[in-house]
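Accompanying notes for the structure given below.
The values are calculated or read from the model by the stated rules, or taken from the named source; none is laboratory data. Since we're looking at a predicted model, the values are computed, not measured. Neighbour counts are summed over all protein chains in view; Cβ atoms, including those assigned to glycine, are modelled from backbone coordinates with ideal geometry.
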């Protein structure tokens with residue numbers, strides 16, 4: 001079985017040491033070396049380090065203050081949710097379809113986001129996602145335990161690992177940090193132009209971030225747009 | 001998502017309440033109503049009943065003293081192991097192949113066995129199995145947590161639940177109890193005939209049980225064989 005260093009598993013605000021330990025164990029079982037933790041509950045993380053067979057993953061785990069930081073070097077961000085969040089207009093599919101049609105063909109680093117045990121991923125977390133995916137489960141009991149959700153998701157990625165590899169898309173997609181820079185510059189330009197007004201500014205920015213993400217920018221195009229927006233901002237700020 | 005009353009999940013000697021609870025939750029998430037426990041650690045079972053979202057499954061769970069009792073009404077018994085146990089000569093395949101080629105097409109009740117956290121399934125447990133299956137994992141870290149193994153296995157069974165159903169095999173396979181009766185009668189006949197000798201009797205019986213299981217008897221054939229063996233035994237015992 002091959003390892004998957006290009007896929008980073010990101011736990012957002014995990015609270016239960018048993019779940020952190022179980023998630024780390026699944027990474028170790030299925031060959032995913034890189035665990036990232038966004039703002040984890042400190043005591044939980046220390047306790048999790050004693051979990052069976054996951055020491056190496058947990059010792060190497062990286063901590064981040066925000067989701068944006070945790071996914072900055074990834075060019076595809078997939079969120080796990082039990083259902084579609086229509087208000088965000090992010091595409092939502094069953095796990096096996098997203099893995100086969102989006103994650104496997106993707107040419108670049110991928111982040112897979114899992115929300116906290118209690119609340120799942122927030123709308124703000126999801127605004128960093130290109131796509132959301134769900135593990136099919138009964139309508140009467142949708143919510144899957146965090147450690148089990150991580151295990152099932154990683155299993156779906158590796159289940160055909162002996163099969164011939166899927167051809168990667170030749171275009172080099174933009175990293176999340178590059179896309180974010182475009183989004184931030186657009187937001188600044190919009191605010192400076194008086195397009196956004198309090199109290200809707202925050203939701204306008206979230207929506208804008210989604211619009212930019214949906215563009216599916218290549219790395220080169222993101223750099224090009226950022227340069228253009230910087231120029232526009234300079235112009236606005238230097239108006240007489 | 002449909003429910004799967006024909007598939008019984010059997011935990012053999014589970015010890016950790018968290019794992020029993022996690023397994024029950026996976027049954028509930030994925031629509032498997034029937035949990036069976038062989039000789040569970042009593043305290044663990046009581047503690048597990050407080051697990052989140054699995055109360056209905058745990059309350060309805062049935063307890064058995066032996067694996068034989070737990071699988072008696074099933075006509076296919078699949079064991080979960082991390083690798084092949086060559087000495088037992090039971091077919092071993094990756095999870096997804098067994099699910100697609102053996103479990104889905106099977107026409108009758110199926111038991112899926114999971115061993116204890118510490119030891120997995122024993123050779124004696126495995127002697128009740130028609131087939132064993134393994135979740136692919138890294139050679140360096142083979143052993144998957146019980147709760148996660150149950151979740152991944154049940155997920156594999158339901159992952160294409162919206163797909164058209166697979167045609168069932170029209171033959172009605174023998175129930176495990178019917179097969180066991182044939183095995184027991186054959187063992188008795190062998191012992192009465194002086195074929196088995198101490199101290200190898202026990203391993204000879206295990207092997208015999210496997211041979212019988214591999215026959216893939218139909219229900220009618222098992223009844224027929226049992227009648228024949230009873231007649232043979234009567235003959236042996238009533239020799240002058």
Test set (1) within 14 Å of chain B (Cβ to nearest Cβ); (2) in contact with a helix residue (DSSP H, G or I) (Cβ under 8 Å, 6 or more places away or on another chain); (3) under 28 Å from residue A:215 (Cβ atoms) - residue A:158 fails condition number: (3)
Residue in the range B:57-76 that is buried (at least 16 other Cβ atoms within 10 Å of the Cβ), in contact with a helix residue (DSSP H, G or I) (Cβ under 9 Å, 6 or more places away or on another chain) and within 11 Å of chain A (Cβ to nearest Cβ) present: yes
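Among the residues of the range B:174-197, is there at least one that is touching a strand residue (DSSP E or B) at 6+ places or on another chain (Cβ under 7 Å) and either at pLDDT 80 or above or outside any helix (DSSP H, G or I) (or both)?
Start the filter on the range B:174-197 by keeping residues that are touching a strand residue (DSSP E or B) at 6+ places or on another chain (Cβ under 7 Å), which leaves B:174, B:176.
When the remaining residues are screened for being either at pLDDT 80 or above or outside any helix (DSSP H, G or I) (or both), the result is B:174, B:176.
Yes - at least one qualifying residue is present in the range B:174-197.
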Residue B:61, sole failed condition from (1) in contact with a strand residue (DSSP E or B) (Cβ under 6 Å, 6 or more places away or on another chain); (2) more than 30 Å from residue A:82 (Cα to Cα): (2)
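Please enumerate the residues belonging to the range A:195-210 that are closer than 11 Å to residue A:127 by Cα and either free of Cβ contacts under 8 Å to residues at least 24 places away in the same chain or not assigned by TED's automatic domain parsing to the domain that holds residue A:184 (or both).
So in the range A:195-210, the residues closer than 11 Å to residue A:127 by Cα come out as A:203, A:205-210.
Selection gives A:203, A:205, A:207.
One line per residue, one yes/no per condition, for (1) under 18 Å from residue B:154 (Cα atoms); (2) within 14 Å of chain A (Cβ to nearest Cβ); (3) modelled with pLDDT under 95; (4) crowded, with 22+ Cβ neighbours inside 10 Å:
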residue: B:55; (1), (2), (3), (4): no, yes, yes, no
residue: B:80; (1), (2), (3), (4): yes, yes, no, yes
residue: B:86; (1), (2), (3), (4): no, no, yes, no
residue: B:113; (1), (2), (3), (4): yes, no, no, yes
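Does residue B:145 satisfy the criteria of being modelled with pLDDT under 95 and buried (at least 23 other Cβ atoms within 10 Å of the Cβ)? Explain how you work it out, then say what you get.
Numbers: modelled with pLDDT under 95: yes; buried (at least 23 other Cβ atoms within 10 Å of the Cβ): yes.
The answer is yes for residue B:145.
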Filter result (closer than 18 Å to residue A:115 by Cβ, within 14 Å of chain B (Cβ to nearest Cβ) and assigned to a loop (DSSP other than H, G, I, E, B)) within the range A:1-20: A:15, A:16
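Identify, from the list A:38, A:98, the residue that is away from every other protein chain (no Cβ under 14 Å) and crowded, with 19+ Cβ neighbours inside 10 Å.
Answer to the check: A:38.
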